[in-house]
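See structure below.
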Amino acid sequence: MLLTGKKALITGGNRGIGFAIAKKFLALGAKVVLAGRDVCALKDAAERLGDGAQFVCMDMRQVASFPEKIADAAKLLGGLDVVINNAGVVPASDRQGIFCLTEEDWDLAMDTNLKGVFFLCRDAAKYMLDNGIRGRMVNICSNTAFSPTTMAYGASKWGVRGLTMGLGRLLARQGILLNGIAPGPTSTRMMFAEDGETFLRKDIPIGRYSYPEEIASLAAFLASDEVSNLAGEVIVADGGE
């Protein structure tokens, strides 16, 4: 499986799963643009990734800026045929239960994790259709979208799962394949682990958190030309949890 010649925009690409995806894509021959809010973190990540990695500053809550940011990424890459919707947040008060969750943090989760994903999918699809590109999109969801939830994060990921299924069916008719990945607990800072750390947990059948690199390998497969008949699928990758 190769991604030679692929040109990918990866949101939240400066660390965690997004960084692992960027590293994997580069190893397989793609060029990548990392997107995020922290210019210093983006610059550092791009330097660590080396040749083929560039970045644009982009806030998933500022959806009006998406057409411009997509155009910026395409200019840096010489085109755009892969979009990885990876950026996501779990607000602090959301971890503390429903009686602590603030309206501000509810909006932060929904705007970043769900609203931003919808509009980036839409605007990236428009760019691809306007330029005759039969592209690939991958939405990073969560296995929380398959079980009851009381968290804003979980509710937002239920939305991402539904949109991935619906937009995937719609866009497939126009030559764009959109699918999703639903990781379980993964060794990243969001899960209070160092990226790639072996974090043992007995209640997960494989006995540990997933590694970001494992999610990255699946993202690379879904972005590749090996996939030609998957559309609107959300693949659970959670070690059997």
Practice problem: Mind scanning Lys31/Lys202; Lys6/Lys43; Lys75/Lys115; Lys7/Lys115; Lys6/Lys157 and naming the pairs with a C-alpha gap bigger than 31 Å? | Solution: Lys31/Lys202
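For the chain, list the DSSP H helices whose alpha carbon atoms reach 27 Å or more along the long axis and whose average Kyte-Doolittle value is 0.0 or above?
On the way: long enough: 152-172 (29 Å, 0.39).
Membrane-span-like by this criterion, though nothing is claimed about a membrane: 152-172.
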Practice problem: Give the Cα extents of the chain along the principal axes, in whole Å, largest first. | Solution: 47, 38, 34
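If you filter segment 138-241 for trypsin sites (Lys or Arg not before Pro), then keep DSSP loop positions with at most 10 other Cβ within 10 Å, what is left? Don't skip to the end; give the middle numbers.
On the way: sites: Lys157, Arg161, Arg169, Arg173, Arg189, Arg201, Lys202, Arg208; in loops: Arg173, Arg201, Lys202.
Passing sites in segment 138-241 are Arg173, Lys202.
At 1.4 Å probe radius, can you tell me the per residue accessible area of segment 88-170 in Å²?
Details: 4030 Å² over 83 residues.
I get 49 Å² per residue for segment 88-170.
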Exercise. Would you kindly derive the ³J(HN,Hα) couplings of segment 89-98 from the backbone phi angles with the Karplus curve 6.51 cos²θ - 1.76 cosθ + 1.60 (θ = phi - 60°), listing them in order in whole Hz, with x for Gly and Pro?
Key: 9, 10, x, 4, 6, 5, 7, 9, x, 5
Quiz item: What number comes out for the charge environment of Gly78, summing +1 per Lys or Arg and -1 per Asp or Glu over other residues with Cβ under 10 Å away?
Solution: +3
Exercise. For segment 120-185 and segment 202-237, compute the distance between their C-alpha centroids and round to whole Å.
Key: 14 Å
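In debye to the nearest 20, how big a dipole does the chain give about its Cα centre with +1 on each Lys and Arg Cβ and -1 on each Asp and Glu Cβ?
Working: 26 positive and 27 negative charges, 108 e Å.
Using Cβ point charges on Lys, Arg, Asp and Glu, the chain gives about 520 debye.
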Quiz prompt | FRET efficiency, 1/(1 + (r/R0)^6) with R0 41 Å, evaluated for Asp203 and Arg169 via beta carbons | solution = 0.75
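Tell me which chymotrypsin sites (Phe, Trp or Tyr not before Pro) from segment 163-224 have a DSSP coil assignment and no more than 16 other beta carbons within 10 Å of their own. If you can, show how the numbers build up before the last one.
Values: sites: Phe192, Phe199, Tyr209, Phe221; in loops: Phe192, Phe199, Tyr209.
Loop-located and lightly packed - Phe192.
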Self-check item: chymotrypsin sites (Phe, Trp or Tyr not before Pro) within segment 45-129, DSSP loop, no more than 16 other Cβ atoms inside 10 Å
Solution: Phe99
Quiz item: According to a simple spin-label model (label point 7 Å from Cα along Cα-to-Cβ), what is the distance in nm between Arg134 and Arg189?
Solution: 4.0 nm
Exercise. Pop the C-beta distance of Lys126 and Arg48 into the FRET formula with R0 = 22 Å and round what comes out to the nearest 0.05.
Key: 0.10
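Would you tally the net charge around Ser65, using a Cβ to Cβ cut-off of less than 12 Å, leaving Ser65 out, and scoring K and R as +1, D and E as -1? Intermediate results must be reported in sequence, preceding the final value.
Values: positive: Arg37, Arg61, Lys69; negative: Asp59, Glu68, Asp72, Asp123.
Its environment carries a net charge of -1.
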Quiz item: Hey, any idea what % of the chain's accessible area is carbon plus sulfur with a 1.4 Å probe?
Solution: 53 percent
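Which three numbers, in whole Å and largest first, are the semi-axes of the equivalent ellipsoid of segment 141-241 derived from its Cα gyration tensor as √(5λ)?
Details: eigenvalues 132, 57, 21 Å².
In descending order the semi-axes read 26, 17, 10 Å.
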Quiz item: Label-point separation (nm) for Thr150 and Cys57, each offset 7 Å from Cα along Cα-to-Cβ?
Solution: 4.0 nm
Exercise. Taking every pair of alpha-carbon atoms in segment 111-165, give the share separated by more than 18 Å as a whole percent.
Key: 37 percent
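Please compute the Kirkwood hydrodynamic radius of segment 17-133 from all pairs of different C-alpha atoms, in Å with one decimal. Write out the running numbers ahead of the final one.
Numbers: mean 1/r = 0.0654 Å⁻¹.
It is 15.3 Å.
Rolling a 1.4 angstrom probe over the protein heavy atoms, how many square angstrom per residue are accessible across segment 1-83? Intermediate results must be reported in sequence, preceding the final value.
Details: 3650 Å² over 83 residues.
With the other protein chains kept in place, segment 1-83 gives 44 Å² per residue.
The values are calculated or read from the model by the stated rules, or taken from the named source; none is laboratory data. All values reported here derive from a predicted model rather than from experimental measurement. We place every Cβ from the backbone using ideal geometry, glycine too, and count neighbours over all the protein chains shown. With ligands, DNA and RNA removed, areas are computed over all heavy atoms of the protein, side chains included. Shrake-Rupley method; radii C 1.70, N 1.55, O 1.52, S 1.80 Å.
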